[in-house]
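Working notes, structure below.
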């Protein structure tokens, strides 16, 4: 009886070892099969990374533009477009992309060097430096000189003629708004027929 019992226990051990091995091989084999199948399905779908040139153009209210050049590594054009959400793609040729963004502010350069004044043609103008020496950065509208002289104190008129420094977007907008009351609509219509 003891011998039979020992043989039964040995048989159970072999069956347990066999079943454990079988389950191990089945799981490992199935996992390996799915792994190879997944790898096979991915072949041909892998994206190739490439380097592209990106030009970012910041366009400020004062007419100034600033450019920034970058190298980017991408796997698709869509990936690049997602990176630059909020920018407008203005051109794409080969691996060169140009994006543009309108900035509701005046540039640091305009904050440093921008002066409002009157140009030789009597137009409200933003100059790079003082009006007598500065170059024109932006021209707005024809001013009615008679209306200016009759409405403004001499000091304010002299200030405009010699140049009003602009420090920020609020001052920029305020000056345009203030002097738009003195625009010469008749000359504007003649200069820019509709």
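Rule-based calculations on the coordinates, nothing more; no lab input. Just so it is clear, the model here is predicted, and its values are computed rather than measured. Reconstructed Cβ throughout: ideal geometry from the backbone, glycine too, with neighbour counts over all protein chains shown.
Multiplying the residue separation of residue 48 and residue 17 by 0.36 nm and subtracting their alpha-carbon distance yields 6.4 nm. On the beta carbon distance between residue 178 and residue 75, with R0 = 45 Å, the FRET formula returns roughly 0.30. For region 108-191, the convex hull spanned by the alpha carbon atoms encloses 88 Å³ per residue. From a point 7 Å beyond the Cα of residue 68 in the direction of its Cβ, which residues of region 82-111 have a backbone N at a distance under 16 Å? Answer for this model: 82-89, 97-109. Each label point was placed 7 Å from the Cα along the Cα-to-Cβ direction; for residue 93 and residue 27 their separation is 6.1 nm. With the simple spin-label model, which puts each label point 7 Å out from Cα in the Cβ direction, the residue 105 to residue 170 separation comes to 1.5 nm.
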